[in-house]
Amino acid sequence: MNNSLTQVATTHVSVVVAHDTDGCVALLRARFPSSGSTYVLLPGGHQEPGETAEECARRELREETGVRAGQWRALGSFANTLGNPSRLSLFLAQDLSIGQQELTAEEEGQTVVWWPMPEAIEAVVEGGLPLHGGCLALFLAERALRN
């Protein structure tokens with residue numbers, strides 16, 4: 001058997017629902033030159049070597065939005081695809097404080113927008129918010145906030 005076919009790249013990703021006291025969630029408005037489109041998405045990104053899923057979530061939230069959170073709740077983790085060990089870990093962040101974004105060169109131009117949670121969920125349901133794993137994160141965060 002060809003080893004190159006059995007080796008699968010492992011990329012762990014964390015996604016954050018940052019929920020403020022007004023009931024809004026932090027979203028990023030980002031233009032992707034490769035597609036020529038602008039998207040709205042939840043903060044998140046790839047884990048760095050030696051970093052836990054929560055450490056990644058905290059770093060990505062701080063870098064992409066400038067937001068720090070005093071309360072963190074894991075919402076779950078799942079495989080990106082069957083047969084691939086990569087994981088997508090979802091988090092709810094609350095007790096927020098706002099600071100400056102720490103964007104990389106690739107992220108320049110990203111802006112933070114705050115949407116009421118029900119509007120963000122409605123956008124997902126209507127198909128107007130391409131959030132990938134973020135869709136699930138929003139639904140799980142809403143459920144966690146109700147309990």
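The values are calculated or read from the model by the stated rules, or taken from the named source; none is laboratory data. What you see is a predicted model; the values in this text were computed from it and never measured. Here Cβ is always computed from backbone atoms with ideal geometry, including for glycine, and neighbour counts include all displayed protein chains. Calculation scope for accessible area: heavy atoms of the full protein, side chains included, ligands and nucleic acids excluded. Shrake-Rupley method; radii C 1.70, N 1.55, O 1.52, S 1.80 Å.
Among the residues of the stretch 66-73, none qualifies, meaning not one is modelled with pLDDT of 85 or more, exposed (fewer than 13 other Cβ atoms within 10 Å of the Cβ) and either part of a helix (DSSP H, G or I) or under 14 Å from the mean Cα position of the chain (by Cα) (or both). I'd like the residue in the stretch 55-101 that is touching a Phe, Trp or Tyr at 6+ places or on another chain (Cβ under 9 Å) and of a type in the set (K, R) and, out of all such residues, is farthest from G23 (Cα to Cα). Within the stretch 55-101, the match that is farthest from G23 (Cα to Cα) is R87.
Looking across the stretch 80-95, just one residue is among the aliphatic types (A, V, I, L, M), surrounded by 12 or more Cβ atoms within 10 Å (Cβ to Cβ) and more than 14 Å from L145 (Cβ to Cβ), and that is L88. Only residues that are under 20 Å from H46 (Cβ atoms) and either open to solvent by 60 Å² or more (accessible area, probe 1.4 Å) or part of a strand (DSSP E or B) (or both) were counted across the stretch 96-108, and they come to 5.
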